[in-house]
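One structure is given here, and the rest of the page talks about it.
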Amino acid sequence: MKTFFVETWGCQMNQHDSELIEGQLRLHGLAPVTTAEDADLVVLNTCSVRDKPVQKIISRIGFLAKQKPETIIGVCGCVAEQEAGALLDRSASVGFVLGPGQTARIGEAVRAVEQGKRPVLTGFDAEAEYNFHTIFRKSTTRGMVTVIEGCNEFCTFCIVPYTRGREVSRPLGAVLAEVRSIAADGIKEVELLGQTINAYRCPETGATLARLLEAVASVDGLLRVRFITSHPRHFGQDLIDVLAENRNVFRYLHLPIQSGSDAILRKMHRKYTRDEYLALVDRIRAATPKINLSTDVIVGFPGESDADFDDTMRVLTQVRFGQVYAFGYSPRPKTPAARYRPEISEEVKTSRLQRLFSVSNRISLELNQELVGEVAQVLIDGESRRNPEHWQGRGEDNRVVNFPKSGREDVGDVVEVEIQRAGPHSLSGEIIAGAVRLPIVSAG
Ligand code: SAM
Ligand code: SF4
Ligand code: F3S
């Protein structure tokens, strides 16, 4: 095997794992190519959070195997953990299967395939090796850093605890060493990753996420820090204070609610009520009034009545999220909710989702329109995909901002942009001062 191509589905954790996969494959002497057709090895880094992505991956395996049977397909990620050896039966082209806890062993799997074996490596080793120096980072402006693996919550609808294993926090010192290293390479923004990131506890000192954020935000050369995903039941006052006080921490928070009905939240095993969630939002907003909040919602969980759904809609209009990511409920193998009844029909899910999006898009647009005339500090990520004469970047509240190039700034610079127009999912404007670097300070 000489060449490889990686296809990634799913969340930021998978995107980051794909960087680890690419780094390992390069280390083992394989060269990247730009299309699956040209690759000796196609790695599918998969997601099983809902049935649709799983079906897409299964048909992708069939397509690749038919198109060029000599290509080796390596299945990684959450479907690999879930299906394990059964994936080898899908096609003779599947050369290896590697769960998320085994990603770092991809080089070993490739060697085994070259010796005629078809390894299946799943499960989670307590002492799994993690060498951040081998990660191949795609972005030159933004770096992802894992702080906590796995999940202990076992929400009744969710497959993640089965595919990603139990929570394991990395020592604060190890996270800091990684952040310092990528900041020294010129990365301006760090995104800290974990499925329940605010459950983070340093295994050596007991430090919380708030302390970790403070430490990371003061690393030399780093401009901004964000973190994803927070669970409402682990949100402490220390985290609220850091969001409010440390100007290098994003004014953005993803705080999944899943449902606005207490009966459904109980059946989901989310361990908070609607009022507790709303009270938390009030406390966060009292400390940081301009914070941009986003959320996840599941529509059509078993037994969700019209009244339950109306409760969710009421919360959305009450909180006014900058962005709502909503999904129709999809039963997942092994999860308790897969046995819950009554199931909600696909038609009802679709019509509820349409109602939800028409309201949430209107709110997103209204919130964005309120920003017209304001000045955003935008970190330039790259050229706009729609217009090569424009840059695209993100403000400190995570909103996407597009603006014409002036010729004086480049990728990785922070510029001040006056917002002139607003859509539901992005803003646009004009640079008012070129290449401004934000000072590294704690407002205190
Ligand atoms: N850890 C995060 C949390 O606590 O909310 C989210 C993890 S999950 C990878 C991302 C989102 O997928 C969830 O917030 C949920 O809305 C959605 N999701 C998870 N399981 C689902 C299912 N069985 N059907 C539909 N959506 C699901
Ligand atoms: Fe899934 Fe719940 Fe864990 Fe999030 S907190 S990953 S939704 S089990
Ligand atoms: Fe999907 Fe696994 Fe992430 S199921 S959403 S890739 S943790």
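Tally the residues that are within 16 Å of ligand 2 (Cβ to nearest atom) and either touching a residue at least 60 places away in the same chain (Cβ under 8 Å) or under 30 Å from I264 (Cβ atoms) (or both), restricting the search to region 115-164.
Within region 115-164, residues that are within 16 Å of ligand 2 (Cβ to nearest atom) and either touching a residue at least 60 places away in the same chain (Cβ under 8 Å) or under 30 Å from I264 (Cβ atoms) (or both) number 19.
Here is a list: V54, V43, V33. Which entry is among the β-branched types (V, I, T) and closer than 16 Å to I106 by Cβ?
V43
Suppose the filter is within 16 Å of ligand 3 (Cβ to nearest atom) and either over 27 Å from K188 (Cβ atoms) or surrounded by 19 or more Cβ atoms within 10 Å (Cβ to Cβ) (or both); does H269 pass it?
Values: within 16 Å of ligand 3 (Cβ to nearest atom): no; either over 27 Å from K188 (Cβ atoms) or surrounded by 19 or more Cβ atoms within 10 Å (Cβ to Cβ) (or both): yes.
So H269 fails the test.
Tell me which residues, restricted to region 425-439, are assigned to a loop (DSSP other than H, G, I, E, B) and of a type in the set (A, V, I, L, M).
Residues satisfying the conditions are A435, V436, L438.
If I filter region 87-101 down to residues being within 23 Å of G150 (Cβ to Cβ) and part of a helix (DSSP H, G or I), which single residue comes out as farthest from ligand 3 (Cβ to nearest atom)?
Restricting to residues being within 23 Å of G150 (Cβ to Cβ) and part of a helix (DSSP H, G or I), the top hit is L87.
Here is a list: V319, V297. Which entry is surrounded by 14 or more Cβ atoms within 10 Å (Cβ to Cβ) and within 15 Å of ligand 1 (Cβ to nearest atom)? First the steps, then the outcome.
Values: V319 fails: within 15 Å of ligand 1 (Cβ to nearest atom).
Just one listed residue meets the conditions, V297.
Evaluate region 27-44: report whether one residue or more is touching a Pro at 6+ places or on another chain (Cβ under 9 Å), assigned by TED's automatic domain parsing to the domain that holds V110 and within 16 Å of ligand 1 (Cβ to nearest atom).
no
Out of region 107-137, which residues are in a loop (DSSP other than H, G, I, E, B) and either closer than 22 Å to I73 by Cα or of a type in the set (A, V, I, L, M, F, W, C) (or both)?
Listed by number, the residues that qualify are Q115, G116, K117, R118, P119, T122, G123, F124, A126, A128, I135, F136.
Within region 10-60, work out how many residues are within 16 Å of E81 (Cα to Cα), assigned to a helix (DSSP H, G or I) and free of Cβ contacts under 8 Å to residues at least 60 places away in the same chain.
Final tally of qualifying residues: 6.
The values are calculated or read from the model by the stated rules, or taken from the named source; none is laboratory data. In this text the structure is predicted, and so the values were computed from the model without any measurement. Methodologically, a virtual Cβ is constructed for each residue, glycine included, from the backbone with ideal geometry; neighbour enumeration extends over all protein chains shown.
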